[in-house]
Amino acid sequence: LVPFISMLFLTLLLLFLALFPGAFSCCTKISNEIPKGILRRVERFEIQKADGLCHLEAVILYMEGRKFCVSPRIKKVKKWMKKNKHKIPRRKIRGRKQRRAKITKKKEKKP
């Protein structure tokens, strides 16, 4: 009976990890201060919302293979994020992309 229970537990754990891969990558603690030098070296950032699997609102800063979790309420971080919107990783769109046709108005020539 014990081997069956441990095998069932292991199976459920692996299933959970497969279904929720981000469950263990949430920030659990955030810093309320950040040195200016760190912001200059950030390669990309993500915004963690306090819903779903993660229960803490945070900004995750990635630099040189490390990650820093900071409060989204820090004025320096807010200002920096506005300037560096291009550093937010883009999500891949699955399926076919639809192209929007540009509607251009033709200028009418006056006689």
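Here are a few things to note about the model shown:
- Counting heavy atoms of the protein chains alone, ARG44 has an accessible area of about 90 Å² for a 1.4 Å probe.
- The equivalent ellipsoid that matches the C-alpha gyration tensor of region 27-90 spans semi-axes of 17, 13, 12 angstrom, in descending order.
- Zone residues, region 47-71, relative to ASN84, backbone N less than 14 Å from point 7 Å out along Cα-to-Cβ: 47, 59-71
- Gain in span if fully extended, ILE47 to LEU8, counting 0.36 nm per residue against the direct Cα distance: 10.5 nm
The values are calculated or read from the model by the stated rules, or taken from the named source; none is laboratory data. Note that the structure is a prediction, hence the values are computed from the model and not measured. In this analysis, Cβ positions are derived from the backbone assuming ideal geometry, glycine residues included, and neighbour counts consider all displayed protein chains. Just the protein is used for accessible areas: all its heavy atoms, side chains included, with ligands, DNA and RNA removed. Shrake-Rupley method; radii C 1.70, N 1.55, O 1.52, S 1.80 Å.
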